[in-house]
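The values are calculated or read from the model by the stated rules, or taken from the named source; none is laboratory data. Computed from a prediction, not measured in an experiment: that's the story for all the values here. Quick reminder, even Gly has a Cβ in these numbers, built from the backbone with ideal geometry, and neighbours come from all protein chains shown. Quick note on the areas: whole protein, heavy atoms, side chains included, nothing else; ligands and nucleic acids left out. Shrake-Rupley method; radii C 1.70, N 1.55, O 1.52, S 1.80 Å.
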Amino acid sequence: MQDRLDSQGRTRWWRFAAMMVPATAAAGAILFGMSTGAIASDITVSGQTFKIGADRLEGDGFKQYGGIVREKGKDGKSGQVHPIALSEISSAELYSLCQSVRADLPGLPVVLTINAGEGKEPARAKDLLIAMDSLNGNATFTNIRIGRDATDLNPTAQAGSFGQNSDHVTITNLQQVSRYTTAATFNLVGLRLKVNVGDDAKGKECF
């Protein structure tokens, strides 16, 4: 029994450590960077979601369209497919940014939290790409264009699928459940990372 628990514990903590590495990388990047225009269907994800919250997001060069991500199967091949909404933002400012992910061990709640941009200076991202399951908040779009062919926004999108874009977007009380996020650069002002364990983990997710 102990061997089984140790094995499970090592596996879960290995995954947990893998999540933490990008969070403490140089230049404050919390997730792996990539160039704009990546083919979303070629991205392999863990299958675990994480939460991102912010008091306010200000973004220039906003694009949104549908896509998919795939989990890696046990045999190393593509596993379960998840339809997602893809959002691209050329330049983003996030005020009071929060990121949280559950990484429970057997019988032990664990939540990793990252906070930044809580003062006058926001967290800033360039070439931000977000693959999300859901998004809640209050949004204001400037010069929005709804119903565009997605390939006009990103040539890797599915031809004939729905897309929209705007010059600028403001989202307040942002609550987002994501599967994958990348940025060319992510500057986290006032970065605070904490591993919350046991009773301390309860209620520590962003929302």
Quiz item: What residues qualify as long-range amide H neighbours of residue 72, i.e. H under 5 Å apart, gap of 5 or more or another chain, H built at 1.01 Å from N?
Solution: 45, 79
Self-check item: Net charge contributed by nearby residues that have their C-beta within less than 13 Å of residue 172 (K/R +1, D/E -1)
Solution: -2
Quiz item: Remind me, relative contact order of segment 94-201 in percent, using alpha carbon pairs under 8 angstrom and six or more residues apart?
Solution: 37
Practice problem: Determine by what factor the alpha-carbon radius of gyration of segment 112-207 differs from 2.2 N^0.38 Å, reporting the quotient. | Solution: 1.33
Exercise. Note down the net charge around residue 89, summing +1 for each Lys or Arg and -1 for each Asp or Glu among other residues with Cβ under 15 Å from its Cβ.
Key: -2
Practice problem: Ignoring everything but the protein chains, give the 1.4 Å probe accessible area of residue 202 in square angstrom, nearest 10. | Solution: 140
